[in-house]
Amino acid sequence: MKTVVLSLAAALAMTSAAAAQSDHSGHAAPKAAPSVALVEGVGVVKKVDAKAGTVTLAHDPIKALNWPAMTMPFKVSDKALLAKAAVGSKIRFQLSGQTIVGIRAF
């Protein structure tokens, strides 16, 4: 009988220790990942689609992304940016991922 009681007590002690190790309620939440750095490019506006919120650019190589010069459409983070993108104009643009977040005249 003493052996059963001791075994039960040992099992309870191990379960309590394991539960205490997995309790992380006192730890702070992990910090958010650092924000993605903006990348700047230069290009000529080929098409503006206000309804879709996109602008097609013939852009120069973008070294930071290891992209060659090419023509491609980009989404804009805010459709108001499209007012700064007249077809045929050369612009500087800022990308966050593959979305344009800023446009200014070249």
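Could you list, in sequence order, all residues of the range 80-96 that are surrounded by 13 or more Cβ atoms within 10 Å (Cβ to Cβ) and within 25 Å of the chain's Cα centre (by Cα)?
Those that are surrounded by 13 or more Cβ atoms within 10 Å (Cβ to Cβ) and within 25 Å of the chain's Cα centre (by Cα): LEU81, LEU82, LYS84, ALA85, ILE91, ARG92, PHE93, GLN94, LEU95, SER96.
I'd like to check which strands (runs of 3 or more DSSP E) are fully inside the range 60-106 and have at least 1 residues that are within 14 Å of LYS46 (Cα to Cα) and at pLDDT 95 or above.
70-76, 90-96
Being farther than 16 Å from GLY53 by Cα and of a type in the set (A, V, I, L, M) is the filter here; which residues of the range 88-105 pass it?
ILE91, ALA105 - these are the residues of the range 88-105 that are farther than 16 Å from GLY53 by Cα and of a type in the set (A, V, I, L, M).
Of all residues in the range 21-50, which are modelled with pLDDT of 95 or more and open to solvent by 90 Å² or more (accessible area, probe 1.4 Å)?
Answer for the range 21-50, where residues must be modelled with pLDDT of 95 or more and open to solvent by 90 Å² or more (accessible area, probe 1.4 Å): LYS46, LYS47.
The values are calculated or read from the model by the stated rules, or taken from the named source; none is laboratory data. Note that the structure is a prediction, hence the values are computed from the model and not measured. All Cβ positions, glycine included, derive from the backbone under ideal geometry; neighbour counts span all protein chains shown. The accessibility values were calculated without ligands, DNA or RNA, using every heavy atom of the protein model including side chains. Shrake-Rupley method; radii C 1.70, N 1.55, O 1.52, S 1.80 Å.
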